[in-house]
């Protein structure tokens, strides 16, 4: 064990002593001060970066919530559009059916109108003949008098 201590501890102690002597002789205090200042600045920059990252994460989560809300609103708008379109098609088909029925019944209505007009025409002709005959009779009476 003594041999082991001698082989391990003594060289370590000698190395520490050498480093201490080198530090006393070769290390620049201004360089060490600059290194400490640089370390502090790096810590502050790292803290700012962490805050920025946290803020970005929060905004990303909020954006995802907003996107979900917007997609839900979009789906509702699409559903409403589809319902309106279906109602439009239904109303349009009803209008088309009414128009088709009107067009299909048109020849019958025209035929009825023609028949009524012919009947009126015949009635008017009879009245006219009767009127002409009455006028003729009145002339004859007037001539006889």
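The values are calculated or read from the model by the stated rules, or taken from the named source; none is laboratory data. Computed from a predicted model, the values in this text were never measured in an experiment. Cβ placement follows ideal geometry from the backbone for every residue including glycine, while neighbour counts extend to all protein chains displayed.
Couple of notes before you dig in:
- Being exposed (fewer than 10 other Cβ atoms within 10 Å of the Cβ) and over 60 Å from the mean Cα position of the chain (by Cα) is true of residue 142.
- Close pairs from segment 2-13: first on the phi > 0 side of the Ramachandran plot and assigned to a helix (DSSP H, G or I), partner surrounded by 10 or more Cβ atoms within 10 Å (Cβ to Cβ) and at pLDDT below 85, Cβ under 8 Å, at least 6 apart: none
- Any chance residue 96 is at pLDDT 80 or above, part of a helix (DSSP H, G or I) and surrounded by 10 or more Cβ atoms within 10 Å (Cβ to Cβ): yes
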